Structure formats: structure tokens, C-alpha cells
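Here's the structure we're looking at; comments come further down.
Derivation of every value follows stated rules applied to the coordinates shown; laboratory data play no part. Bear in mind the structure is a predicted one, so any value in this text is a computation, not a measurement. Quick reminder, even Gly has a Cβ in these numbers, built from the backbone with ideal geometry, and neighbours come from all protein chains shown.
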């Protein structure tokens, strides 16, 4: 039992050390040059492996001495080291190393995620925070049904709150373009309507009723996310475009686009900023819950803190 705990604690220390070393190396040697970038980064990885081997050898020697003092001493020492590593993992330098390593290992997918995230941060920075605060105050009355609908269809509740904020500003109404209710439901997919009908036990879902409206929105977003293979940006874009012009999948096939980078240039006549507006509202909702306020993005170290908190769904 003690040996297992000791091994687990030391393994955690090693993982934190690996992230820190490789993240620092990824930042120092970022680039595509063989001699200036790739080989030095590989050397960092090899160097860390050698350092880890040396540390393990040193630990085995120290462990013998510790065990001679008390049977539980090696375990207590390992747990102490693990606690130190956990503390370090919460500090800004480690978080920066983690982000650098994530960007390196994540490749294209991580680059896309970061590009979207910074568009969202910029949108939040430009937003009228007083207007956002009023919107979120109105949202409180609908929060339970939105969270219920999100849970029913496996949707991120913060993202669904962002959709509601973008669609109606939490002022349910019937719009001139046919949008109805909290989520401005127009032409939900037949599969989504059937799922809501079955789960709520209603003959025909009523978009004018807030709870059923929220369930229709969650079912619709689930459908489009599945169609876009879980890509949140494309799923939100498909949700907004709906079935017009054959839907987003048809538009992407027409132009040979495969992701948000390659589809954006073809969306001049469509609301390509819709996902960013949704996620900026979702971010504001998260901040209001975590920070109990909507901090100014550019003040002090708020930008770094907000970035660390992250964008819902990404």
C-alpha cells in the first residue's frame, strides 16, 4: 500500500517536471528549423529523460537511508514532493509552460482552438460590460431550464446559455424572420423535434413555451455538433445557418472546406462571427459565476487570468 502510494506520488512529480521542461523547451525553440528549433527541442526531451534517470537513482539511494530512519519515511517524503509539485502546477509559470506544450503537441487543432479563443477574448474585451450584466441578470430566470435542457442532450450548459444570450438576449419574442422564443427557434431538424417530443412526452413541442424552446435548442445543437463531428465552432455556425442553402455541410462540400479556417473566407454573406458572439456571451456567463463580476479584460493581469479560466466548450 505504502509502496504504491510512493510510486504514484513520484510519478506525479515526474509528470509535472516533464510538462515544465518540455513546455519551456517548446517556447525557447519554437519554429520549424532543423538545427535551430527541432534538434534543440529534441535535446531538451533527451536531457529531461537523463535528468529523470539521475533523479531516480538519487531517490533510490535516499530511500534506503529514509527507510532506515522510519518505515513510513520514504512514503512521507514522496508525498511531500508530490504536494510541492501540485503547488507548482497551480502557479502561473507552470500554466504558461502547459499552454506552450499544449500548443506544440496539439498541432493544427490546438492552433485553431487558440485562434478561436483569442477572437472570443477580443469580443469580450469590446463588449459593453454593463449591457452584459443586465443581460445576465435577465438570464437568471431561465438558467434552470437551460441547464436542464443542456444536461438532457449532453450540451455544455455555459455554451447553451451563450446561444440564448446571442439569439434573444433573454428577451423571448417572435421575430419578423420567424424566430420564436428564448432561442429564436425557426426550423429545427426533424430528429431534434422527435427527440424533444419523445423525452418531454408532448405531441408537438411548443417553441412559445420557454422550457420546450430550450429543449428544442439543445436538441438542435446536439444534432449539428454530431454532424460537425464535435467541432464546436462549426456546430454553432451550422446551428445559426440552419437548413438554408443545404446547411453548412453542403456549403463546406461546395468549397472543399474542412474546418473553421478554410470555411470562414466563404461566409461573407453569412454570420461567420456568430460562434464568437455565442462564446463571448458564454465566457461572460462563466466569469459572472466564478468571479462574481465581469472584469475589464485590459485591466491589470485580468487578460491572463481570464485566458487561464478559458472559453466554455474549447
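In plain terms, the residue of 258, 96 with the fewest other Cβ atoms within 10 Å comes first and the most crowded comes last, giving 258, 96. When the chain is modelled as a GNM with alpha-carbon springs shorter than 10 Å, which of 114, 22, 81 fluctuates the most? Top of the fluctuation ranking is 81. Under 1.5 on a/c is rounded, so check that first for the stretch 140-230, then, if it is not, pick prolate when a/b is larger than b/c and oblate when it is not; a ≥ b ≥ c are the square roots of the alpha carbon gyration tensor eigenvalues. Rounded shape, in that the Cα axes give a/c under 1.5.
Only helices enter this figure: runs of n ≥ 4 DSSP H residues, each worth -39500 (n - 2.57), summed and divided by the residues of the chain, yield -23500 deg cm²/dmol at 222 nm to the nearest 500. The distance between label points at residue 298 and residue 89 comes to 3.7 nm (points 7 Å beyond Cα on the Cα→Cβ vector). The mean sequence distance of close C-alpha pairs (under 8 Å, at least 6 residues apart), as a share of the length of the chain, puts its relative contact order at 17 percent. Pull out a ≥ b ≥ c, the square roots of the eigenvalues of the alpha-carbon gyration tensor of the stretch 218-295, then state rounded if a/c is under 1.5, prolate if not and a/b is larger than b/c, and oblate in the remaining case. Prolate shape, in that a/c is at least 1.5 and a/b is the bigger ratio.
Once the Cβ-Cβ distance of residue 62 and residue 261 is raised to the sixth power relative to R0 = 41 Å, the FRET efficiency obtained is 0.20.
What's the angle, to the nearest 10 degrees (0 to 90), between helix 210-227's Cα axis and the longest principal axis of the chain? With rounding to tens, the tilt is 60 degrees. Taking 0.36 nm per residue of separation and subtracting the Cα-Cα distance, full extension of the segment from residue 133 to residue 156 would add 6.2 nm.
Working from label points 7 Å from Cα in the Cα-to-Cβ sense, the residue 2 to residue 109 distance is 4.3 nm. Taking 242, 17, 49 as the candidate residues, the one with maximal mean-square fluctuation in a Gaussian network model of the chain, Cα springs under 10 Å, is 49.
One chain, two ends: residue 73 and residue 253. Fully extended at 0.36 nm per residue, the span grows by 58.5 nm beyond their Cα-Cα distance. Of 90, 174, 220, the sequence from fewest to most neighbouring Cβ atoms within 10 angstrom is 90, 174, 220.
With the simple spin-label model, which puts each label point 7 Å out from Cα in the Cβ direction, the residue 147 to residue 35 separation comes to 6.0 nm.
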